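Visitor: Sharing a structure, written as structure tokens. Questions coming.
Quick note: the coordinates plus some simple rules give every number you see, no bench work behind them. From a predicted model like this one, the values you see are computed outputs, not experimental measurements. Methodologically, a virtual Cβ is constructed for each residue, glycine included, from the backbone with ideal geometry; neighbour enumeration extends over all protein chains shown.
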């Protein structure tokens, strides 16, 4: 069955595990979801984060932006009926892309094999802005007797 094969693909990724928060399978890495999968009778539905291939994926007839506002963040949902015959190789690539988008850099780097470079980079950690060196303020000189006398005379 396709769902079983996709489940095995997801669980083979470093530190990936399956959770069932809302009655559907959520595949996570370090408590972050990279794949939602639901099997309802003969219909299979998936939701994945596709930061690179999402725009192209949304041109396919079986995809749509994921609901609950996730579509705005690059999440794509795909639905397949039993007779559709989902493109397993493409779904495997999408699962890996979603994993790379969500997983910490060190775990995503473990997917690089045989000298290949990663096709999807996880979001870079933001670095704090460099600070300028503080300029020294000129020290106030004590007032001379002459200047103090002038100031006192003006106030009278």
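Visitor: For the subset of region 11-25 comprising residues that are within 18 Å of the chain's Cα centre (by Cα) and in a strand (DSSP E or B), which member is surrounded by the most Cβ atoms within 10 Å (Cβ to Cβ)?
Guide: If we take residues in region 11-25 being within 18 Å of the chain's Cα centre (by Cα) and in a strand (DSSP E or B), then 16 is surrounded by the most Cβ atoms within 10 Å (Cβ to Cβ).
Visitor: Right, next: Yes or no: residue 86 touching a helix residue (DSSP H, G or I) at 6+ places or on another chain (Cβ under 7 Å), part of a loop (DSSP other than H, G, I, E, B) and under 25 Å from residue 1 (Cβ atoms)?
Guide: On the way: touching a helix residue (DSSP H, G or I) at 6+ places or on another chain (Cβ under 7 Å): yes; part of a loop (DSSP other than H, G, I, E, B): yes; under 25 Å from residue 1 (Cβ atoms): yes.
So residue 86 passes the test.
Visitor: Taking only region 4-26 into account, find how many residues are in contact (Cβ under 8 Å) with a residue 40 or more places away in the chain and either closer than 14 Å to residue 99 by Cβ or touching a helix residue (DSSP H, G or I) at 6+ places or on another chain (Cβ under 6 Å) (or both).
Guide: Summing the residues that are in contact (Cβ under 8 Å) with a residue 40 or more places away in the chain and either closer than 14 Å to residue 99 by Cβ or touching a helix residue (DSSP H, G or I) at 6+ places or on another chain (Cβ under 6 Å) (or both) in region 4-26 gives 7.
Visitor: Still on this model: For region 26-56, enumerate the residues that are under 10 Å from residue 74 (Cβ atoms) and not in a loop (DSSP other than H, G, I, E, B).
Guide: Answer for region 26-56, where residues must be under 10 Å from residue 74 (Cβ atoms) and not in a loop (DSSP other than H, G, I, E, B): 48, 49, 54, 55.
Quick grid of which residues meet (1) within 23 Å of the chain's Cα centre (by Cα); (2) surrounded by fewer than 18 Cβ atoms within 10 Å (Cβ to Cβ):
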| residue | (1), (2) |
| --- | --- |
| 49 | yes, no |
| 59 | yes, yes |
| 64 | yes, yes |
| 73 | yes, yes |
| 80 | no, no |
| 84 | no, yes |
| 89 | yes, yes |
